[in-house]
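All remarks here apply to the structure that follows.
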Amino acid sequence: MAADEARSVSRLHSEEDMHGKHHSTLWGDFFLHHVPCRPGQYLIMKDNVEIMKEEVKKMLLDVGSSDLSHKLDCIDTLERLGLDYHYTKEIDELMCNVFEARDQDLDLTTTSQLFYLLRKHGYHISSDVFLKFRDDKGDIVTNDARCLLRMYEAAHVRVNGEEILDNILIHTKRQLQCIVDDLEPTLQEEVRYALETPLFRRLNRVQARQFISTYEKSTTRNNMLLEFSKLDFNILLTLYCEELKDLTLWWKEFQAQANTTIYARDRMVEMHFWMMGVFFEPQYSYSRKMLTQLFMIVSVLDDLYDSHCTTEEGNAFTAALQRWDEEGVEQCPTYLRTLYTNIRATIKAIEEDLNFQNNKHAKLVKGLIIDMAMCYNAETEWRDKKYVPATVDEHLKISARSSGCMHLVSQGFISMGDVATSEALEWASTYPKIVRAVCIIARLANDIMSYKREASNNTMVSTVQTCAKEYGTTTVEQAIEKIRELIEEAWMDITHECLRQPQPKALLERAVNLARTMDFLYKDADGYTDSRSIKGILDSLYVHLID
């Protein structure tokens, strides 16, 4: 007991050092008091949106008789404005018409847009549609910037082995980089954004916020669509803030009782953003709240095993979680007993909520926590032995799973209720190729950004080090470049699986959304750990209504 108390005191003294490594929360109690709009204003917005929804539905019916190019532009605009989720049935019917008309004699720009949208929606269309545009040298040449941009976006829904799309991506990226500074401002902004994040990889809400501003500047804009997109965005922002108020209350109590502030990152708002990236639609409010709670616990466990508890303490705590009963607390190190109790209390509350919703899979929720603890505990063996796996593939057999993405997909399916069948959950639990690809993107992107921090803190060996060892690279930059190639291969696997998997599109899209979220969070920094790097984006999604 004395040793435990001494250790606790030592850790309390090191809290300042901890916050030197991970900055404090940027939000505190902000969402307990933040009210984006008055209740009356909110109701007026909702009433106006319902009227506009019907007007756009009529517009989509009229589009059905339009030419192919107009159909494509209409679908593309709705998706970029983030309004497409209101019209899944209507857009599916339009895409079916587009697919049937795909053999028309189209120009290169329209062919590129057609190819991108069909692939994005899971239709099988061959990359051979681009063959007729090649010149005598086998190249596809154009000086039209918008055409180049459409080709660039189309190339990002390629699968492995599509050489023509590989070449299109290389050449269009090079050309766009060369001409971007000379383009007119609106197109220049669009190209810069595409070079940073291609359209297929963008998060719905981030994309919508950006494109609403761009669309407002367009001389060909539909003013009703513009107003609709603003109101819809503001309604969702208000809903997210209500969720964050509830979550802030839960998290403050959890932190205080479990005493996690001395070692764990305080990133509840950022975690909600993570979950919102996967489930942004209003009908999935419960999914966002449930998953935020679950994965805040996972985040605490990650920090606990990674840099706080000893191997012996980790073994004991893992054994207690595997036992999962009231007596299990006696197996825990003294300073972790309140954490154990609060984890079980949170999971019990979630199980009760799911049971109240007549969800058949409530009993599966606790498996997430147990399995993640086991994953993190297994990684400590490599850390202690200073073991460097011989290959990236060997590394990923443990580290990809510990990214939590496989579990997030499964738990996300559970949160969706009857949308996900028992068969779909069983499929997700087999670690299918699309889920593995998402996990690989998450792990590799994370490791690229956190390599220096992890190396300096002597934690688990990164895939960057393993990659350097496997391929005999002489510099970290070369190893990272190789890892980026592996990330691109994983994206191609995702596209391929979306084209071949019999699982419902509504479920596959969650896995793709998760990959998009990981791409965003680890684009230029570790956006979760150093959330200052994404604060501006979060402000635009949670704080500021669009005028």
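The values are calculated or read from the model by the stated rules, or taken from the named source; none is laboratory data. What you are looking at is a predicted structure, and each value in this text was computed from that prediction instead of being measured. Note that each Cβ is placed from the backbone with ideal geometry, even for glycine, and that neighbours are counted across all protein chains shown. Ligands, DNA and RNA are stripped out before the accessible areas are found, and what is left, the full protein with its side chains, is counted by its heavy atoms. Shrake-Rupley method; radii C 1.70, N 1.55, O 1.52, S 1.80 Å.
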Ignoring ligands and nucleic acids, what accessible area does Thr529 show with a 1.4 Å probe (Å², nearest 10)?
10 Å²
Please report, as a whole percent, how much of the solvent-accessible surface of the chain comes from carbon and sulfur atoms (probe radius 1.4 Å).
50 percent
Looking at this model, which pairs from Lys245/Lys535; Lys245/Lys523; Lys89/Lys397 are more than 30 angstrom apart at the alpha-carbon?
Lys89/Lys397
For a protection proxy built on the mean count of beta-carbon atoms within 10 angstrom, sort 511-520, 486-495 highest first, please.
511-520, 486-495
What dipole magnitude, in Debye to the nearest 20, does the chain give about its Cα centre under +1 on Lys/Arg Cβ and -1 on Asp/Glu Cβ?
380 debye
Listed residues Ile91, Leu183, Ser462: farthest to the positive end of the dipole of the chain (Cβ charges)
Ser462
Prolate/oblate/rounded call for the chain, Cα gyration tensor, a/c under 1.5 rounded:
prolate
What ranking of Val388, Val141, Val159 comes out by heavy-atom accessible area, probe 1.4 Å, highest first?
Val141, Val388, Val159
Whole-Å distance linking the alpha carbon centroid of segment 333-372 with that of segment 482-501 is 33 Å
Once phi for every residue in segment 266-282 is put through the Karplus expression 6.51 cos²θ - 1.76 cosθ + 1.60 (θ = phi - 60°), the whole-Hz ³J(HN,Hα) values, with Gly and Pro written as x, are 9, 10, 5, 5, 5, 5, 4, 4, 4, 5, 5, x, 8, 10, 8, 5, x
Using a cut-off of 20 Å between alpha-carbon atoms, which aspartates and glutamates can reach Lys58, once sequence neighbours fewer than 8 places away in the same chain are excluded?
Asp47, Glu50, Asp67, Asp73, Asp76, Glu79, Asp84, Glu90, Asp92, Glu93, Glu227, Asp232
Please name whichever of His171, Ser399, Ser66 sits farthest to the positive end of the charge dipole of the chain, dipole taken about the Cα centre and charges placed at Cβ: Lys and Arg +1, Asp and Glu -1.
Ser399
What is the angle, in °, between the Cα long axis of helix 163-179 and the longest principal axis of the Cα atoms in the chain? Nearest 10 is fine, range 0 to 90.
90 degrees
Among Ala316, Val438, Gln503 - extreme Cα towards positive end, dipole of the chain, charges at beta-carbon
Ala316
Which entries of Lys482/Lys505; Lys289/Lys366; Lys137/Lys173; Lys348/Lys433 have Cα-Cα distances beyond 28 Å here?
Lys482/Lys505; Lys348/Lys433
Residues of the chain: accessible area per residue at 1.4 Å, in Å²?
43 Å²
Cα-derived Rg to Rh of segment 229-543, Kirkwood definition:
0.95
